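A quick write-up on the structure given underneath.
Laboratory data are not the source of any read-out in this text; all were calculated from the coordinates shown. Computed from a predicted structure; not experimentally measured. All Cβ positions, glycine included, derive from the backbone under ideal geometry; neighbour counts span all protein chains shown.
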């Protein structure tokens, strides 16, 4: 019973990505690349398992797919944060240049 509440499915559904507040867009994009590489390797492993066995454990498959989705979601969040920080830097740099032009 606890496995259904606090086991792997619970962990996958309650996973969040927290970035370092001082991380710049480059660091966030590097993190996104890393998360997406995890997802890619998990899909490759799953494909190899299916190919070797001809089938997959249907009880574990949803958990594996949710884990892959979590990796992709983490990568997406990193890219989103990188984009927001690039926009914020652009606005800040524009504001710093505006008073100098006056």
Fewest-first ranking of 96, 34, using other Cβ atoms within 10 Å as the exposure measure: 96, 34
Label zone at residue 44 (point 7 Å along Cα-to-Cβ), backbone N below 19 Å, the range 70-89: 70-73, 75
Inter-site label distance for residue 80 and residue 26 at 7 Å from Cα along Cβ, in nm: 2.6
Contour excess over end-to-end distance, with Cα ends at residue 19 and residue 95 and 0.36 nm allotted per residue: 24.8 nm
